[in-house]
Amino acid sequence: MKITALEAIPFAIPYSKPLKFASGEVHVAEHVLVRVHTDDGIVGVAEAPPRPFTYGETQAGIIAVVEQIFAPQIIGLTLLERETVGARLARTVGNPTAKAAVDMAIWDALGHTLGIGVTELLGGFTDHLRVSHMLGFDEPAVMVAEAERMRDRYGISTFKVKVGRRPVSLDTAVVRALRERFGDEIELYVDGNRGWTAAESLRAMREMADLDLLFAEELCPADDVLGRRWLVGHLDVPFIADESVPTPADVTREILGGSATAISIKTARTGFTGSRRVHHLAEGLGLEVVLGNQIDGQLGTACAVNFGAAYQLTSRRAGELSNFLDMSDDLLAEPLQIRDGVLHVPSGNGLGVEIDPEKLARYRSDQ
Ligand code: MUC
Ligand code: MG
């Protein structure tokens, strides 16, 4: 079970439908495949998606930190020393998706070593999640057509609508069009990626008061400390903190400060070990939790569903597990399948997935 090598492999897969939102846009999935090798010949995998507009990471930076700093720190430790691994990685500040991918690749390797799935290792609550699809910026008619396609083809009936444009009516018109088209057949919530001010956020939420929203997510910046607290105090739906809570300490600060009343857990930024800490904290605080999406590919989505299915709290709400559908291709040998609005945890040991060597050869950008 001893870790003998750590690899960081860049790859690039274009999106067939780019995703646009208030803090940025993504046209090509330029992610990093992280592989952990052990002395038993086991290989664990995970994916790090650089999001410079959210965490400041880049593809080149993730490779550098994994190869130059993390690899020498953890080679020689065993798969059972995950807290030691975490403590060593924590000596480097930031780099959340690089750290998360190393952590999740270790869990995958552990699952393969023990002959157990990661969901079972973590908690084993269920084997599937309902799926929520994230709709990026566009005209109302295009976003309604996209929701129709997701519903008709994959049975998805929960949608997170990206908002945060100016004037706010650009976005409230989209949400209204969706509600008018689907009535109560769908669940809807909105995510502003910090695009609005607190006052704009409240104006928009009042315009949408009759649209039966589940949640509002990160509508304005958490650094607008008093404005955000004021906003959250005026809302009658849970306010989800997403990019403002990359660590358990951030969750504590935002919730106790009155700047959020719910949280998004993203395995892409807290791995399994950190996400478990955030989950337990949320459970203790009695918070609503949504399993979020860092615009993950299929490998990242396999990580998310493995985690989400492990616990009751993370499987209660639909998880954001479908944005890989907007990619032109992926790396997995067996593609993930969403049916009737549900994604099952891939069966098998570890994460239950395998990388297709031909696809990796085609999309890796370091050779
Ligand atoms: C989300 O929930 O915000 C877009 C930016 C980011 O950091 O994550 C995605 C989705
Ligand atoms: Mg978000």
A careful count of residues in region 226-236 that are surrounded by fewer than 23 Cβ atoms within 10 Å (Cβ to Cβ) and either within 22 Å of residue 296 (Cα to Cα) or in contact with a helix residue (DSSP H, G or I) (Cβ under 8 Å, 6 or more places away or on another chain) (or both) gives 4
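Residue-wise test of (1) closer than 18 Å to residue 31 by Cα; (2) assigned to a helix (DSSP H, G or I).
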| site | (1), (2) |
| --- | --- |
| 60 | yes, yes |
| 67 | yes, yes |
| 71 | no, yes |
| 80 | no, no |
| 83 | no, yes |
| 87 | no, yes |
| 91 | no, no |
| 98 | yes, yes |
From 176, 194, 149, which residue is away from ligand 2 (no atom under 14 Å from the Cβ) and either under 18 Å from the mean Cα position of the chain (by Cα) or surrounded by fewer than 16 Cβ atoms within 10 Å (Cβ to Cβ) (or both)?
149
Single residue of region 81-137 satisfying the filter (basic (Lys, Arg) and within 21 Å of the chain's Cα centre (by Cα)) that is surrounded by the fewest Cβ atoms within 10 Å (Cβ to Cβ)
130
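With respect to residue 245, is the statement that it is more than 16 Å from ligand 1 (Cβ to nearest atom), over 21 Å from residue 110 (Cβ atoms) and not in a helix (DSSP H, G or I) true?
So residue 245 does not fit the description; no.
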Taking only pairs six or more apart or across chains, which ones have beta-carbon atoms under 8 Å, a first residue in region 195-222 that is under 12 Å from residue 175 (Cβ atoms) and away from ligand 1 (no atom under 16 Å from the Cβ), and a second residue that is in a loop (DSSP other than H, G, I, E, B) and not aliphatic (A, V, I, L, M)?
204/196
Report yes if residue 158 is within 20 Å of the chain's Cα centre (by Cα), surrounded by fewer than 21 Cβ atoms within 10 Å (Cβ to Cβ) and not aromatic (Phe, Trp, Tyr), otherwise no.
no
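We did not get these values from a lab; they are worked out from the coordinates using the rules stated. What you see is a predicted model, and the numbers here were worked out from it, not measured in a lab. With ideal geometry, Cβ positions are generated from the backbone for all residues, glycine too; neighbour counts draw on all protein chains shown.
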